[in-house]
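This report concerns only the one structure given below.
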Amino acid sequence: MADRKSDSTLPRDYIITDVEVREEKMLGEGAYGVVKSGRFYGLDCAVKKLKPSMFPAGMKQLDQQTELILQSFYNECEKMSRVRHPNVVQLLGVFSDSKTRLPVIVMELMNESLSRLLHRTKVLPCHVEVNIVHDVAQALAYLHSFRPPIVHRDLSSNNILLTEGYRAKVTDLGVAKVAKGSFFSWDDTPAPGTLVYMPPEVRKVPADLTPAMDIFAIGVNMIQIKTHRFPRPGPEFISGRLGFSKMVPEKDRRRDHLDLIARSNSLKQLILDCIRDNPRDRPTGMKLCERLTKIKTEHDYLDSLQRGKMTAEVSSLLPR
């Protein structure tokens, strides 16, 4: 059991007031909390709240599970207060709910999640795909540059949010380590689970939680971007000789999806490098950015970008 926590647990420099929470406007819901629309001094924002039902005794008495949930929430507050990057969702502030005294996170409002975009489309222009991946890679390179590195741990397509212009920002820092899925899903229906984004070294005991696991996850997200299919892999083990279990390499587990991506596609080799079984063989976030910058000089990207600009110019001339 734990004593009641106070506002002193929240990042002091980010404690804010006068946030209007639009209780009727639900943006997403997970097992432990909800994301609602809000307004802060005229600015539309997203408001993350823990579910009061998870804390029947309020903040006065916490069992081990609720203590872990609450500590993870404070952890996200702390991490978001430390980061400043155009590809990481911006923390606007934190406050304690006046009724429940539970902490609330206020952050910038994004247009939609990557998972929702891929669900409602069949194909994306080459330059949009590359831009999204590059944006996420830049976020990871930044997070991994901290000492010790900030490892996201739950880089699913639900936790990659998009602006109206399809630029990507990473969200949900610090909450993935408590449960299999994220506490908050931007989509109405959470992903079937985040294990599909996890590399082999994380699925063992004890888990090896290093920046390389985020690189693996971005590789799986690239598979999802290219196929518009949920990237569920095949079996992790198969029966070998003499009946012993044999681990299946990741590229074989994901063969059905990888075969849908043309060998000539600029992202194909990048995907294969990111999902290598040995974490030391995967590129770093910085190397990933360098390779994506090079891809942006290639014909397919530049041609797609030019056609996108022409389409935007034509659309701007049409009557509204």
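The values are calculated or read from the model by the stated rules, or taken from the named source; none is laboratory data. Worth saying up front: this structure is predicted, and the values here are computed from it rather than measured. Reconstructed Cβ throughout: ideal geometry from the backbone, glycine too, with neighbour counts over all protein chains shown.
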Considering only segment 265-276, I want to know if a residue exists there that is among the hydrophobic types (A, V, I, L, M, F, W, C), touching a residue at least 24 places away in the same chain (Cβ under 8 Å), part of a loop (DSSP other than H, G, I, E, B) and assigned by TED's automatic domain parsing to the domain that holds His144. yes
Sole miss for Thr297 among (1) free of Cβ contacts under 8 Å to residues at least 12 places away in the same chain; (2) more than 25 Å from Thr194 (Cβ to Cβ); (3) in a helix (DSSP H, G or I) is condition (3)
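Can you tell me how many residues within segment 249-260 are within 14 Å of Arg276 (Cβ to Cβ), out of contact with any Gly (no Cβ under 6 Å at 6 or more places or on another chain) and not acidic (Asp, Glu)? Steps first, please.
Let us first name the residues in segment 249-260 that are within 14 Å of Arg276 (Cβ to Cβ), namely 249-254, 258.
From what's left, out of contact with any Gly (no Cβ under 6 Å at 6 or more places or on another chain): 249-252, 254, 258.
Next, from what is left, pick out any that are not acidic (Asp, Glu): 249, 251, 254, 258.
Residues in segment 249-260 being within 14 Å of Arg276 (Cβ to Cβ), out of contact with any Gly (no Cβ under 6 Å at 6 or more places or on another chain) and not acidic (Asp, Glu): 4 in total.
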The residue from Ile275, Ile295 that alone is at pLDDT 95 or above, surrounded by 14 or more Cβ atoms within 10 Å (Cβ to Cβ), closer than 20 Å to Asn131 by Cβ and of a type outside the set (S, T, N, Q) is Ile295
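Residue-by-condition table, conditions (1) over 18 Å from Asp154 (Cβ atoms); (2) among the hydrophobic types (A, V, I, L, M, F, W, C):
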{"site": "Glu67", "(1), (2)": "yes, no"}
{"site": "Asn87", "(1), (2)": "no, no"}
{"site": "Leu91", "(1), (2)": "no, yes"}
{"site": "Val104", "(1), (2)": "yes, yes"}
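Hey, among the residues in segment 237-264 that are among the basic types (Lys, Arg) and not in a loop (DSSP other than H, G, I, E, B), which one's surrounded by the fewest Cβ atoms within 10 Å (Cβ to Cβ)?
Step one: filter segment 237-264 for residues among the basic types (Lys, Arg), giving 241, 246, 251, 253-255, 263.
Imposing the further condition that a residue be not in a loop (DSSP other than H, G, I, E, B) reduces the set to 241, 246, 251, 253, 255.
On the way: Arg241: 6, Lys246: 9, Lys251: 14, Arg253: 21, Arg255: 14.
Among them, the one singled out is Arg241.
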